[in-house]
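Remarks on the structure that follows.
Taken together, the values in this text are just the output of simple stated rules run on the coordinates, not laboratory data. All of these numbers come straight from a predicted model, not from anything done at the bench. Don't worry about glycine lacking a Cβ; one is built from the backbone with ideal geometry, like all the others, and counts go over all protein chains shown.
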Amino acid sequence: MAAAVKSTPNPNDQEVLAHERTYKTFNIILRWCMTLLAAVISFTTLWFATGAGFVWGAIVGLIILFLGYNFLVKHEEHQPLDVWTEGR
């Protein structure tokens, strides 16, 4: 039985760098979509399905948008591009 060989990716490989950039961009877009979807669903639910109305729905939607940006999007934007960095 062959022993498993542990290989580390070359950090200077252009394909790896392009993949890392694409992955990071996709991850940020996905986090924006999650945040916007949560805000829009909350806004429309409060506006149409409850007695809260448009104003309270907009306030809650903006709060969710602000919290989603701070906890999801901003966190990922400040991460290092290298996904193999310790502590990521």
Query raised in the report: Cβ-Cβ below 7 Å, separation at least six or inter-chain, first residue in segment 44-61 and free of Cβ contacts under 8 Å to residues at least 40 places away in the same chain, second part of a loop (DSSP other than H, G, I, E, B): which pairs?
Result: Leu46/Ala52
Query raised in the report: Across segment 39-78, what is the number of residues that are touching a Ser or Thr at 6+ places or on another chain (Cβ under 9 Å), under 25 Å from Lys24 (Cα atoms) and of a type outside the set (Phe, Trp, Tyr)?
Result: 6
Report summary line: Taking segment 11-58 and keeping only residues that are among the polar types (S, T, N, Q) and not in a helix (DSSP H, G or I), one is left with Asn12, Thr50
